[in-house]
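The values are calculated or read from the model by the stated rules, or taken from the named source; none is laboratory data. Only a predicted model underlies this, so the values are computations on that prediction, with no experimental measurement involved. For neighbour counting, all protein chains shown are included, and Cβ atoms are generated from backbone atoms with ideal geometry for every residue, glycine included.
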Amino acid sequence: MIYRLLAMLALVALIVGVVVLSGAQRESAAPATVGPLHDPGYAVRRARLIQTGSDGRALYTLDAAQIQQQPNQGTVDLQQVQLGFRDTSGTEWTARADRGELAQESGVVQLEGGVRLAGVLPDMGEPAAISTERLAFDTRSQIVTTLDPVTLLVSGRELHAQGLIARLKERRVQLESAVHGSFLP
């Protein structure tokens, strides 16, 4: 009977030993993490970004059907973009585009694809629109630029040019080259 009891204890010890030793091997077989994990960034649908001034009023709003951060590139991609802002006279302007890109920490919004900027000229009270394929808006300096062909439409009259610089703080628009059209009083 003692032999049977010793055999049972030996069998139980063997089973416990196998379980303990095999458990330690499973834990050590787990892969160790090496280096930092990849940051996938964020993605948002139907988003609105609002930049406010020191007075709490919105300096500009950016609406997009989709926003996706590219953390490795330091940019944010935008789809179906609408950018709203006020010039120094308080006049509201709206820019629309198929796509856009916002460089983080730069304050520059790059718009691309069927870009249209529309508003009302403060001195004249007349509607104005700018159409082009690419446009950059520096939200800090309030300067709008493009090197692409551009159409400026004011009061039903069109001007075509290659490139444009609009300094909103100074209320000044400069057509760069190849200007076609005329405005007569």
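Things worth noting here:
- Sole residue being among the aliphatic types (A, V, I, L, M) and under 22 Å from the mean Cα position of the chain (by Cα), chosen from Ala136, Ala161, Ala178: Ala136
- Selection of first residues in segment 39-65 that are exposed (fewer than 12 other Cβ atoms within 10 Å of the Cβ) and of second residues that are of a type in the set (S, T, N, Q) and in a loop (DSSP other than H, G, I, E, B), restricted to Cβ pairs under 9 Å at least 6 apart or on distinct chains, gives the following pairs, ordered by first then second residue: Asp39/Asn72.
- Some residue of segment 100-123 being surrounded by fewer than 15 Cβ atoms within 10 Å (Cβ to Cβ), more than 25 Å from Arg48 (Cβ to Cβ) and modelled with pLDDT under 90: yes
- Total residues in segment 66-92, condition closer than 17 Å to Arg134 by Cα and over 8 Å from the mean Cα position of the chain (by Cα): 6
- Condition broken by Glu105, with the remaining ones in (1) part of a loop (DSSP other than H, G, I, E, B); (2) on the phi < 0 side of the Ramachandran plot satisfied: (2)
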